[in-house]
Amino acid sequence: MGGIRVKLVNYTKKPLETVTWAALISYWEGWESEAFEQMSEKDIELHLPRVLGYGHESILEHAVLTFAIEGCSRTCSHQLVRHRLASYTQQSQRYIKLNPSDVEETFVIPESVKEKPELYEKWKEFMKSAIRLYEESYKSGVHQEDARFILPQAVRTKIVVTMNLRELKHFFGLRLCERAQWEIREVAWKMLEEIAKNDELRPIIKWAKLGPRCIQLGYCPEGELMPPGCWKRTREKWKALVGSKPET
């Protein structure tokens, strides 16, 4: 396994056409259901950035995206599911036995721990002990639904996440920020990268400002809590992702 993997596995058919068509019902007298099939790229470019520029974001809820996330810790997934306007299905520890081959493959260990060799070794020993006791428990007849109680939150997991574009904007606003916990921040950037790799979806990143709150608001709401240079670093990373040159 090794590391966190994120893949965009599915999304609403014709997502930007769907969102634009939904937006037009608000102010186009000639709107009709059949108009959906007539939506063109020109229509999208003409109407969608303008409507989103007005702050009319409810239309984004008509397009949903589904991601597969593998290799993050249960600590990370516990943070993820706090975003309640989404759907989640997670690998079960009740029905699937953990089959550990290596501590690094089975658990997420923070870099801050790895930088301290003596502490790092203690972490690995603790995790090996947890694995041994877990295996001993279910081999002695304890069901894995009870044996799992001994596992640290660092254990890697797999989860399927479905969010609409409006909730994704909210999620990115909080979790792409440098103040977000490092693991869920990595997951969030990988999710945004998946969107950016998709030609059909990429324009919505810029039009809807799918990014951290400094991108969405035009200023950093965290103020003095942020480390020096964070806003510049984040903007450059985001603009590189959407394909535009960072401002000087």
Projected area averaged over all directions for the convex hull of the alpha carbon atoms of segment 121-248, nm², comes out at 11.4 nm²
Of all trypsin sites (Lys or Arg not before Pro) in segment 1-90, the ones in DSSP coil with at most 16 other Cβ atoms within 10 Å are Lys13, Arg82, Arg84
Projected convex hull area of the chain, Cα atoms, direction-averaged, in nm², equals 16.5 nm²
Only helices counted: for the chain, with every DSSP H run of 4 or more residues adding -39500 (n - 2.57) and the sum spread over all residues, [θ] at 222 nm is -13500 deg cm²/dmol
Going through Lys13/Lys206; Lys14/Lys190; Lys13/Lys42; Lys116/Lys239; Lys116/Lys209 one by one, the pairs whose alpha carbons sit over 29 Å apart turn out to be Lys116/Lys239; Lys116/Lys209
Relative contact order of the chain (C-alpha contacts under 8 Å, at least 6 apart) in percent is 25 percent
Here, segment 88-178 modelled as identical Cα point scatterers in vacuum has Debye log10 I(q)/I(0) at q = 0.14, 0.15, 0.16, 0.26 Å⁻¹ of -0.67, -0.74, -0.80, -1.25
At 4 °C and 1.567 mPa s, the Stokes-Einstein diffusion coefficient in µm²/s for segment 1-118, with hydrodynamic radius from the Kirkwood sum on alpha carbon pairs, is 71 µm²/s
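Here, each number is a calculation from the coordinates, and none is a lab measurement. None of these values were measured; they are calculated from a predicted model. All Cβ positions, even for glycine, are placed from backbone atoms using ideal geometry, and neighbour counts span all protein chains on display.
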